[in-house]
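Nothing in this text is a laboratory measurement; each read-out follows from the coordinates by a stated rule. This structure is a prediction, so every number in the text was calculated from the model and none was measured. Positions of Cβ are backbone-derived with ideal geometry, glycine not excepted, and every protein chain shown enters the neighbour counts.
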Amino acid sequence: MKNCFRRHPYAGLFALTLVVPGLAPIMSAQAAPSSERVVGPQKNGSIVASDNQLLTPAGTLVDLGSPVVAKAVAINPRKRTRSAAVLLMNAAQPIIVFNTVTGEVIQRYIPTTLNGTTFSSNSNGSFTGVSYSADGSKLLFSQDNNFVAVANVDPFSGRLTPAFSVTLPSPPANPKLYDSFSANAGGVVVADGSLGLVALNANNTVGIINLFNGTLVSETPVGNAPNSIVTKGDFAYVSNEGGRRATDSDFTNLSDGTPIVVDRTDAFATTGTVSVINLHSGLVTKTIKVGLHPAGMAKSGSLIYVANSYSDTISVIDTDLQKVVRTIDVGVPIKGGAFGAGANGIAIVGTTAYVTLGQSNAVAAVDLTNDSKNRVLGYIPTAYFPTSIAYDKATRQLVVCDDKGIGAQGSIGTAHGVSAFNTHQETGVVNLIPIPDRIELAKMTEKVIRNNHWNSENIKVGPEYADASAKPVAIPEHIGEPSLIKHVFLIIKENRTYDQMLGDLPQANGDPSLAVFAANVPNQHAFVKRFPLIDNMYAPSRQSADGHPWIVESGSFYSNDILSPDWIRSYPGGNSNDALTYTQQGFLWSGAEKKGLNVKMYGEWSSGYTINPKADGSQYTWADFYNTSLFKETDGRQGRMIVPDNSDTESAEIPSVTKILDQHYPSFNLDIPDQYRADYYIQKFQAQEAAGKVPNLTIIWLPDDHTNGTTTGNPLPNNYQADNDLALGRIVEAISNSKAWSKSAIFVEEDDSQDGVDHVDGHRQPVYLISPYSVAPQSPGIGKVIHTTYTQENINRTIENILGLAPLTQFDLTAAPMFDCFQNTADLTPFVHVPATTPLNIGPGGTPIAGTGSANYAMKMTRMQKAWNLASNQMTRGKQGKADSVDENFLNHVIWYSATDWKRPYPGEAKIQWPARLVTAASHKAVVKDD
């Protein structure tokens, strides 16, 4: 079938003034017009990504289908095949072979593994690791478990047939391991075709495989988290994302059970290395220090080029000297620098290096002959998040693998006349890009600059822009100018889309048929009667593991490039840690601490908790916490005091978190109602107010809108929503009745929007901006409707302008503060919370959860409901304390069915499904990870 994704005519799309051959840092800025565009394809052929970057990919796009995440690409050296292979995740197969001339798919390939006398298939690819032998007769590729597969390649068609798969050893037993898989990464076939080398990312080793008999010859220890391998003569060079191995004197933090040498404040990795292996001895003979998070590599002559993802540089290694002889800056070309270009792949064409910049949706063209400071010639626009690049000599074009491609654009048809979208419907692609000449490159560079907003007014950050005599306003124009707001409260909720919560509101862009929780959240509806109703706000993330980093780190490079969507080493964010996911830019809270501001955290970025058991050794239940809250809220008139105060103790692994984390506010635990969290926080807040010590920045995790299916002993999804909504309303009421209210702003957002559907885009989320300085209602009882295109990074930038914090990455640097959501005249009227209109304590069967009161009515469960109840019990057992630890497809189905009273099929399906199919599908995932 002819590929449907083709190059669009972008001529005249952007009227720019910057032409940047011999690129210099961008000194000037031009105002970006206010935009109300929605995420997705635009009429002019461009695409708006969920992080509000524009996509105008050059060349031809290869349609790989959906859902699919494209991770790495390799060119078949047999030119007559005109073929290449792309390594995939979240797809029906790990490899697609395509024609490099037409872009048409030649084959969708699943390897088979001999298990006794039975062949079984495995559809998982890995985050990198696909390589042809020099003669093109074999293809070696990694899978994200313990397998590395080798296929025979037809010399004429390029099609694959199974040769063998090798089961590689698991990492040594370690209670801190994320799972028991070696998580294979970069692979290469040595020149004579006799050996294959594979990086065992979780083992911190390289496996050497005999390609004649398919056996593991040896396993060589290297640095931490090996990523990619290239060979030169008798040596192999291995990039180690986690740097050198730790010594007893090092300060460390863990990544997948491995101690990583880290910063003593924000716990980010402080070393990056390349290990040199002698292929005759199988031993490491040299460790070369490079930049941070070294990933993709390429060789040319006696030189090896290493992409340092967290340094925004390229290290050049001379293989004769075995040391770095040059470092090339490929960072964001903004005066003063901006972290986060995201170099991750390299292809060498003559005297030019083409470097994929994952977070800039571009390829940087780098002049290797010029010794001047400025080496970047220009940029080529790609699709969303390029991860890998190769040069096809036969067609003289760059072949670029784009992880997220054209975004999460796979739509689900519904029975209600709309199409719905979900964050897991990625549409990864491959770009086929002819090498541009200088004139073409200059035009492409202009597009990349505009696509990334590198020339917007928002980049004017620094003391030279701040007016020290400026009058205080709600949102200062420049960071460093005074604000009327002194106390910022950031409240993080879990996983909901805009349509689920507010899709019923006719004054905004909603779909009532998808507003399954609207009736359960009266406080959130009350907010938007007075405060702004924002209907065009997006979470860039796929799910919690990258959602929390997007909020507190203004980006999630490692999760996107390495971990997602199969979560190779960890499931970071919220209450799970991984040292390799942190950057040297630090966090929102550490930026505030460095400025001398008072910061307090409740739940967010806790790394673990301990709850003291009952006297009989059993654990407290949801009902126990519910009764305890009810007892406190009614001064003992209702409920019972069952859970002693401070029974929950939280801990953190990041030093900057440890000193500001409240030790007894519960983090993610679905066995604890949000009323319990609200009770605890309100008491703490009132004590802070009485002492005159309300923090400048307070971050609160209020997670129970996540829900837990239809699990016995827990509320149904609608009732979880009611609990979360009431807790949120009570917290806002407490703040608005305080002396601090006159100088406060409350920002409420979801970490992601993965557990629902939305008719605009799966990343669209409900957000609330609550302050005396919030923009006035557009009419009585109707908050001003804001259609401006915003993401979580606009919230971060607004907070930074208020508190005078330096932006962390290019994303919050280029994001506009949310000026249109605020005014400079205060309305000090307190907010009064709305009592819940949905009972908080209703569980499966429609009756109160055992121990929470007598049933005034009962509803007999149908066979279908009973089946889902039992399946929920099975799927959620032991997982209440970790975000997203239940298979998302199962959870999304049961949430939808319960929220629609078991009357509506899940979007895109013709009837309500029995749970067995989804339970089986979840169990068949080769790696059961927190997805």
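Some notes on this structure:
- Extension gain, A910 back to S742 (0.36 nm per residue minus Cα-Cα distance, nm): 55.2 nm
- Segment 551-627 shape via C-alpha gyration tensor axes, a/c threshold 1.5: oblate
- The Q663 and S180 beta-carbon pair, evaluated with R₀ = 35 Å, returns a calculated FRET efficiency of approximately 0.65.
- Each residue, Q683 and T837, gets one label point 7 Å from its Cα in the Cβ direction; the gap between the two is 3.2 nm.
- Among T847, T81, T100, the order by Cβ neighbours within 10 angstrom, fewest to most, reads T847, T81, T100.
- Shape of segment 476-605, Cα gyration tensor, a/c cut at 1.5: oblate
- Packing rank of 48-61, 636-649, where each peptide gets the mean count of other beta carbons within 10 Å, highest leading: 48-61, 636-649
- Size of electric dipole in segment 434-498: Cβ of Lys, Arg +1 and of Asp, Glu -1, about Cα centre, debye, nearest 20: 260 debye
- Taking a straight Cα-Cα cut-off under 28 Å and skipping sequence neighbours fewer than 8 places away in the same chain, the lysines within cross-link reach of K460 are K335, K373, K443, K447, K471, K486, K594, K595, K743.
- Simple spin-label estimate for K43 and K443 in nanometres, 7 Å along Cα-Cβ: 2.4 nm
- With the cut-off at under 18 Å, measuring from each backbone N in segment 717-744 to a point 7 Å along the Cα-to-Cβ line of A826 picks out 732-744.
- In this calculation the C-beta distance from N213 to H280 is compared with R0 = 22 Å, giving a FRET efficiency of 0.70.
- Degrees, to the nearest 10: 888-899 long Cα axis against longest axis of the chain: 30 degrees
- Taking the charge dipole of the chain about its Cα centre, with +1 at Lys and Arg Cβ atoms and -1 at Asp and Glu Cβ atoms, the residue from L803, N495, T351 reaching farthest to the positive side is T351.
- Angle in degrees between helix 622-633 and the longest Cα principal axis of the chain, rounded to the nearest 10: 40 degrees
- Counting other Cβ atoms within 10 Å as a rough exposure proxy, the listed residues F181, F127 run F181, F127 from fewest neighbours to most.
- Sorted peptide list for 819-828, 395-404, criterion being average Cβ within 10 angstrom, highest first: 395-404, 819-828
- Counting only residues at least eight positions apart within a chain, or on another chain, the aspartates and glutamates with an alpha carbon under 15 Å from that of K659 are D266, E593, E604, E650.
- Paramagnetic reach from K879 (point 7 Å along Cα→Cβ, amide N under 20 Å) across segment 527-563: 542-548, 563
- q = 0.09, 0.12, 0.21 Å⁻¹: log10 I(q)/I(0) that the Debye formula gives for segment 544-683, counting C-alpha atoms only: -0.34, -0.57, -1.19
- Translational D in µm²/s for segment 863-923 (Stokes-Einstein at 10 °C, 1.306 mPa s, Kirkwood Rh from C-alpha pairs): 133 µm²/s
- Residues A173 and T920, FRET efficiency given R0 of 25 Å [Cβ-Cβ distance, rounded to 0.05]: 0.30
- MRE, 222 nm, helices only [DSSP H, n ≥ 4, -39500 (n - 2.57), over the chain, to nearest 500]: -5000 deg cm²/dmol
- Rounded to the nearest 10 degrees, the inclination of helix 717-736 to the longest alpha-carbon principal axis of the chain is 70 degrees.
- Gain upon complete extension [S779, T252; 0.36 nm per residue less C-alpha separation]: 184.1 nm
- In terms of its C-alpha gyration tensor, segment 193-293 has a prolate overall shape, because the principal axis ratio a/c (a ≥ b ≥ c, square roots of the eigenvalues) is not below 1.5 and a/b outweighs b/c.
- Cα lying deepest toward the dipole's positive end in segment 863-923, options P907, N873, V894, charges on Cβ: N873
- Ranking Y626, S255, G851 by Cα position along the charge dipole of the chain, where only Lys, Arg, Asp and Glu carry charges on their C-beta atoms, puts S255 farthest toward the positive end.
- Footprinting exposure proxy for S483, S239 (fewest neighbouring C-beta atoms within 10 Å first): S483, S239
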